[in-house]
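In what follows, a single structure is set out as structure tokens and then discussed.
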Amino acid sequence: MMSDIAENLTEIMRRITAACLRADRDPAAVRLVAVSKTFPAETVREASEAGQLHFGESRLQEAEPKIDMLPGSLHWHFIGRVQRNKVRRILPRFEMIHAVDSSAVASFMDAIAKELGLFPKVFLQVNIGAEASKGGFDPAVLRTELAGLLALQRLEIMGLMCIPPAGPDAESARPWFVALRHLRDDLERESGVALPFLSMGMSGDFEVAIEEGATHVRVGSTIFGKRTYQMDDGPG
């Protein structure tokens, strides 16, 4: 008998496949990142035993013991705000970093990566809805700063990431996903550099994100259930 988590993963993969087919995309081009923040290592292990290998964490102090306890075959994505004082610990542990939100943070990460001998794979977070409550590059600023970001020797910039403004339903997120895709396409044309990945879409809107080109969707509660949040020292 399948566990609830295994059943949830099966259903999400079915929905991912259906969304890809609607958009005439290959389902293999979409990576499901299971957002495991606030859930214990045992729950992550259950998901991994059901075949899920990519997991997203946003709080370093919570993620470190999980990573140490779980199999080395798992792939870890850092999806929270990157705090400078934690970069030295984040870089060796996470395969991809989804929320590089300024040139200053990118430059600092590049310097630390050089010290550590690493080449981190990162997404540039775009504040696509110009919300004061969210971090990320303003699209116009990113256009002017992209050349400098691409010149960094250690960071591998894989693409763009966004969290759209909250809306009443999944469909309300579509214009924001379209805007991020168009921005990515414009930056590729202007720079001549491929930015193949788009990290966008969460539990409530990942199907719409896939229809608009998402390559990485960050899904948590639909897999693991409702979260119980605890006070901590920050999102990193």
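Readers should treat all values here as calculations from the given coordinates under stated rules, not as data from a laboratory. All figures in this text were calculated on a predicted structure; none of them were measured in a lab. Note that we place each Cβ from the backbone using ideal geometry, even for glycine, and neighbour counts take in every protein chain shown.
Some observations on this one:
- Gained length - K226 relative to Q61, 0.36 nm times residue gap less alpha-carbon distance: 57.3 nm
- Choice from V126, V33, V193 with maximal GNM fluctuation in the chain (Cα, 10 Å cutoff): V193
- Per residue, the chain reaches -12500 deg cm²/dmol at 222 nm when only DSSP H runs of four or more residues are counted, each adding -39500 (n - 2.57).
- The stretch between Q83 and E42, if pulled fully straight at 0.36 nm per residue, gains 12.0 nm over its current Cα-Cα span.
- Rel. contact order, % - alpha carbon contacts under 8 angstrom, at least six apart, the range 4-224: 22 percent
- For the range 110-236, the percent of C-alpha pairs falling in each 5 Å distance bin, counted from 0 to the bin holding the largest distance, reads 2, 10, 18, 20, 19, 15, 10, 5, 1, 0.
- Annotation for the range 181-215 versus the range 27-54: alpha-carbon center distance of 22 Å.
- Under 18 Å between alpha carbons - lysine pairs in the chain that sit 8 or more apart or on different chains: 6
- The charge dipole of the chain, taken about its Cα centre with unit charges on the Cβ of Lys, Arg, Asp and Glu (plus for the first two, minus for the last two), comes to roughly 440 debye.
- The C-alpha atoms of the chain occupy a region whose extents along the principal axes are 54, 41, 31 Å, arranged from largest to smallest.
- Applied to the range 208-219, the Karplus parametrisation 6.51 cos²θ - 1.76 cosθ + 1.60 on θ = phi - 60° returns per-residue 3J(HN,Hα) values of 5, 4, 5, 4, 9, x, 4, 9, 10, 10, 10, 10 Hz, with x for Gly and Pro.
- Mean separation of Cα contacts under 8 Å, 6 or more apart, over the residue count of the range 130-202: relative contact order %: 38 percent
- Cut-off under 5 Å, modelled amide H: who pairs with M161 long-range: L124, Q125, V126, S199
- A simple spin-label model places pseudo-atoms 7 Å from Cα toward Cβ; at A140 and K114 they are separated by 3.2 nm.
- On full extension, the segment bounded by H182 and M69 gains 36.6 nm, given 0.36 nm per residue less the C-alpha separation.
- GluC sites (Glu not before Pro) restricted to DSSP loop in the range 110-162 with at most 15 other C-beta within 10 Å: E131
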